[in-house]
Amino acid sequence: MSSVLYPAIAAVTLLAFLYKLPVLRSDRSAIQLGLVGNNFLIFVIFLTCTHSVWQRINGLSGIVNFSGLFMHVCVVGTTACQQIVILHLAHERQEAWRRLRPRLLAISVGLAVMTLLFFMTNSHEEGPDEFSLTTQNYSAYFTVYLVIYTVNQLDVTVMCWRYAKVAFTPWLRRGLYITTFTIPFALVYSAGRLADIIAHQFGATGRAWEPVVGSFISVAALLKTLGWTLPDWGPYLSKAWEPVAARRALQGPGTSAPVTHIPRTGSRHSAGRQRAAGHSAVPHDGGDP
């Protein structure tokens, strides 16, 4: 996986990052910074997991398996970015930061514990495909990491699900729902890594289910990238669909006219926050294709 699948995902997420990056020239809100940061960190995660980059990072740092710690810190960082985005979408700035502070504090404490446990461990050099499997040396470290990862993934999923129900634009709503649908894949990843830890207590390894674990976390990453970027490019799909809808409307006497206006409800502040999610560079929000 580290030689083919992970580089391919890194390339996709790099495109998502580069697509979103120019928005910061005109809008450096917490929402935009969170979205750009999320895309960048996902790219870094899968780039790090490629074998040559993994070895290079270890060599430059001079620390055994430092690439593994670096990669896991980036994973946790993506959840922090996603929390920043969804809370600023759902609440005014002051309220969003009030809710964010305890979450970010908990993540910071968890990362500090992870780092401490990592440097307390003596191990030998491992590649990206072996690091997560040889948990007999990193069982405490991996346990803390899995708790942080799983709890925060569930938190982001719940917030996205709740806010999607009142999302002001159709493409933002779709994107948030896609993001929530990644949670089964994330939970399979967590279960697989937990199974690795348990297996080593009995002298076994998780190599048998490693392809499943790697595939599921890859799907989760791709779906999250899709969900968080969909509000940006989804309206272009609606615009491209308009001529098709118009032709269908003229094909038969019993066909209703195409909908050209979608009534909207919601507060002015909610509308402003959702436009800040990445819609300012889009000509219009678009309706259902």
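The values are calculated or read from the model by the stated rules, or taken from the named source; none is laboratory data. Worth saying up front: this structure is predicted, and the values here are computed from it rather than measured. Using ideal geometry, Cβ is built from the backbone for each residue, glycine included, and neighbour counts are taken over all protein chains shown.
Is it the case that M1 is outside any helix (DSSP H, G or I), crowded, with 16+ Cβ neighbours inside 10 Å and either touching a helix residue (DSSP H, G or I) at 6+ places or on another chain (Cβ under 9 Å) or at pLDDT 90 or above (or both)? Here the answer is yes, as M1 does meet what is asked. Selection of the stretch 146-167 for residues being out of contact with any Leu (no Cβ under 9 Å at 6 or more places or on another chain), in contact (Cβ under 8 Å) with a residue 60 or more places away in the chain and either within 15 Å of V73 (Cα to Cα) or not in a helix (DSSP H, G or I) (or both) yields Y149, N152, V166.
Which residue is nearest to L226 (Cα to Cα), if the candidates are limited to the stretch 23-37 and must be assigned to a helix (DSSP H, G or I) and either in contact with a His (Cβ under 9 Å, 6 or more places away or on another chain) or without any contact (Cβ under 8 Å) to a residue 40 or more places away in the chain (or both)? The selected residue is V36.
The condition of being basic (K, R), over 21 Å from T182 (Cα atoms) and modelled with pLDDT of 95 or more holds for only one of R99, R28, that being R99.
On the basis of being of a type in the set (D, E, K, R) and either more than 30 Å from L172 (Cα to Cα) or without any contact (Cβ under 8 Å) to a residue 12 or more places away in the chain (or both), does E92 make the cut? For E92, the condition - of a type in the set (D, E, K, R) and either more than 30 Å from L172 (Cα to Cα) or without any contact (Cβ under 8 Å) to a residue 12 or more places away in the chain (or both) - is not met. When E95 is tested against the conditions (1) among the acidic types (D, E); (2) buried (at least 18 other Cβ atoms within 10 Å of the Cβ); (3) not in a loop (DSSP other than H, G, I, E, B), the lone failure is (2).
The rows are residues; the columns are (1) under 15 Å from the mean Cα position of the chain (by Cα); (2) in contact (Cβ under 8 Å) with a residue 40 or more places away in the chain.
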| position | (1), (2) |
| --- | --- |
| L194 | no, yes |
| I197 | no, yes |
| W209 | no, no |
| V212 | no, no |
| V219 | yes, no |
| L222 | yes, yes |
| G227 | yes, yes |
| P231 | yes, yes |
| S238 | no, yes |
